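Accompanying notes for the structure given below.
The values are calculated or read from the model by the stated rules, or taken from the named source; none is laboratory data. Source: prediction; values computed, not measured. Cβ placement follows ideal geometry from the backbone for every residue including glycine, while neighbour counts extend to all protein chains displayed.
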Amino acid sequence: MKHFLIAALCLSLFSCNQSSTKTTDKKDVLAKASREDKNGWIYVHLEGSPSDIGYQHGYLLANDIDTSIQAISYYLVHETHRDWSFYRQAAKNFLWDKLDREYKDEINGIVAGLHDQNKNYDSLDLTAYNALEELAFYYVPLLDSAKNKAPGNCSAFIATGSYTKDGKIVIGHNNWTEYIIGQHWNVIADIVPEHGHHLMMDCMPGFIHSGDDFVINDNGILITETTITQFVGFDSTKTPEFMRARKAAQYANSIDDVVNIFLKDNNGGYANDWLIGDTKTNEVAKFELGLKNYRVWRSKDTAIIGSNFASDPKLIKEETTFNINDNTTSPNARKLRMVQLVNVDMKGKLDDSTGKIIEADHVDATAGKRENNRCVICGHIDEDPKGCTEWDCAPYYPMGAVQSKVTTADLAQHMQFWAHMGHPCGENFIGASFYKLHPEYAWQAKYLNNMLSYPWTLFNAKK
Ligand SMILES: [Zn+2]
């Protein structure tokens, strides 16, 4: 027993000191990783212990992490009236101590990799950055007594059984974000951790979780989500959402596992309708998770959509300020369109090809025609004279669909998914012409220029 304890202590010390090991050791660590820039994406393969994965990530994506944190901290000052030191303090006060050792090591590894590329960030910077959504849009609004800050991000679907072409699961998601942030949601992280499952997800550089949430793991678990519009609530004494999301991706073997990992010590941050599939059982689920309420719907023969609306009447009443009866809102208009697409027009035809068409759709169901606005699945609020009041977006706010992903059970079995950087419809956002029309957003020009649209690209995890 004594020997075991000494061995464990040595291992732990080695792990803690990984970042200060010799150059040759760092070369060995980096030799297991790789980076490839492809069609607007940065694909990275990360492999090894938590600190190794972190070091590889920080070292290989140092410039990207630096640029992204700069853009986001600039954005947060303007939009939340808090500077970066406020977010670091929140990380110190109630986030860092709640992280599992594994994820502290990974974040410390990112910091070490950044330092070796002369980028001086610390673990609080990286923790605050990883908690961007839950801090800026769930914690801060409570401090301000604001009622309707929690934004709606994304359009998604998951389908199985008679709804899909091959009877197996199909899943798709596009990410709606402020362009100044979303342009950085351009990483495909292929992670082979020491413990848990091989996973592949999209994320921002420096994130240990997906953030917009599109994840597959090598035990057939598929996860995505859309956020619950106008959600109110956050419990800073509980576990950060970003770590629970990463744990679900890495450790879940079933839909129940995903649900249980998210429920354990839930802080209510980034309250979502999670869409979950298990290719082993061909079952899919919607898991609606607030702070006080949650509900699970599951089936082996269904199509489920997400467009930022909640479904459980109790949760809507107690935890949101959202008007479920106003079809001119973005969530409700997209709901109408997506239900038509997955339940009628494309029922029995859903696969990766039709999934891409859905994520790029431009029909406004309330107008009955093609539009570029807040009500279409591939959102363009920067072209909408009404903006999006339910998320506090003023007219023409530069926000909307920034990228998209689709996969099928067969592709996921081989650890593959399709990804598209930029508006899924193929339209480019050109900063110079936008700011000329809308000088009220010229403050964003410092970090937002063009957001170009690239071709759909199939990503394969390394085996
Ligand atoms: Zn579009």
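Just one of (1) in a helix (DSSP H, G or I); (2) out of contact with any helix residue (DSSP H, G or I) (no Cβ under 8 Å at 6 or more places or on another chain) fails for ILE358. It is (2).
Selection within the range 417-463: residues that are small (Gly, Ala, Ser) and under 22 Å from the mean Cα position of the chain (by Cα). The member of this set that is surrounded by the fewest Cβ atoms within 10 Å (Cβ to Cβ) is GLY426. Could we say that GLN340 is within 30 Å of GLY167 (Cβ to Cβ), assigned to a strand (DSSP E or B) and either under 21 Å from the mean Cα position of the chain (by Cα) or more than 15 Å from the ligand (Cβ to nearest atom) (or both) here? Here the answer is no, as GLN340 does not meet what is asked. Looking only at the range 189-218, residues that are surrounded by 24 or more Cβ atoms within 10 Å (Cβ to Cβ) and either modelled with pLDDT under 95 or of a type in the set (A, V, I, L, M) (or both) come to 9 in all. The requirement of being within 16 Å of the ligand (Cβ to nearest atom) and small (Gly, Ala, Ser) is fulfilled nowhere in the range 280-298; no residue meets it. Going by what's in this entry, would ILE358 be described as more than 16 Å from the ligand (Cβ to nearest atom) and among the β-branched types (Val, Ile, Thr)? For ILE358, the condition - more than 16 Å from the ligand (Cβ to nearest atom) and among the β-branched types (Val, Ile, Thr) - is not met.
Scanning the range 141-180 for residues that are closer than 23 Å to TRP84 by Cα and modelled with pLDDT of 95 or more yields THR177, GLU178, TYR179, ILE180.
Quick grid of which residues meet (1) touching a residue at least 60 places away in the same chain (Cβ under 8 Å); (2) crowded, with 24+ Cβ neighbours inside 10 Å:
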| site | (1), (2) |
| --- | --- |
| ASN175 | yes, yes |
| GLU225 | yes, yes |
| GLY233 | yes, no |
| PRO240 | yes, yes |
| ILE255 | no, no |
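Consider ARG246 against the criteria (1) out of contact with any helix residue (DSSP H, G or I) (no Cβ under 7 Å at 6 or more places or on another chain); (2) of a type outside the set (Asp, Glu); (3) surrounded by 24 or more Cβ atoms within 10 Å (Cβ to Cβ): it satisfies all of them except one. Which criterion is unmet? Condition not satisfied by ARG246: (1).
Let me confirm something: among GLU79, GLU102, GLU106, which residue is under 22 Å from GLU133 (Cβ atoms) and at pLDDT below 95? Residue meeting the stated conditions: GLU79.
Pairs linking a residue in the range 347-372 that is touching a residue at least 60 places away in the same chain (Cβ under 8 Å) and closer than 14 Å to ARG334 by Cα to a residue that is more than 15 Å from the ligand (Cβ to nearest atom) and part of a loop (DSSP other than H, G, I, E, B), with Cβ atoms under 8 Å and 6 or more positions apart or on different chains, are ILE358/MET346. Scan the range 404-416 and tell me whether some residue there is over 20 Å from the mean Cα position of the chain (by Cα), buried (at least 23 other Cβ atoms within 10 Å of the Cβ) and within 16 Å of the ligand (Cβ to nearest atom). So far as the range 404-416 goes, no, none of its residues is over 20 Å from the mean Cα position of the chain (by Cα), buried (at least 23 other Cβ atoms within 10 Å of the Cβ) and within 16 Å of the ligand (Cβ to nearest atom).
How about the range 417-457: which of its residues are more than 16 Å from the ligand (Cβ to nearest atom), assigned to a loop (DSSP other than H, G, I, E, B) and touching a residue at least 24 places away in the same chain (Cβ under 8 Å)? Once the filter is applied, which keeps residues that are more than 16 Å from the ligand (Cβ to nearest atom), assigned to a loop (DSSP other than H, G, I, E, B) and touching a residue at least 24 places away in the same chain (Cβ under 8 Å), the range 417-457 yields HIS438, TYR447, LEU448. Could you check the range 320-337 and list, in sequence order, the residues that are assigned to a helix (DSSP H, G or I), more than 16 Å from the ligand (Cβ to nearest atom) and either of a type in the set (Ser, Thr, Tyr) or in contact (Cβ under 8 Å) with a residue 60 or more places away in the chain (or both)? The answer is PRO331, and nothing else.
Looking only at the range 369-381, decide whether some residue is assigned to a helix (DSSP H, G or I), within 16 Å of the ligand (Cβ to nearest atom), in contact with a strand residue (DSSP E or B) (Cβ under 8 Å, 6 or more places away or on another chain) and of a type in the set (Val, Ile, Thr). Yes. Of all residues in the range 51-74, exactly one satisfies the criterion of being of a type in the set (D, E, K, R) and buried (at least 21 other Cβ atoms within 10 Å of the Cβ), namely ASP52.
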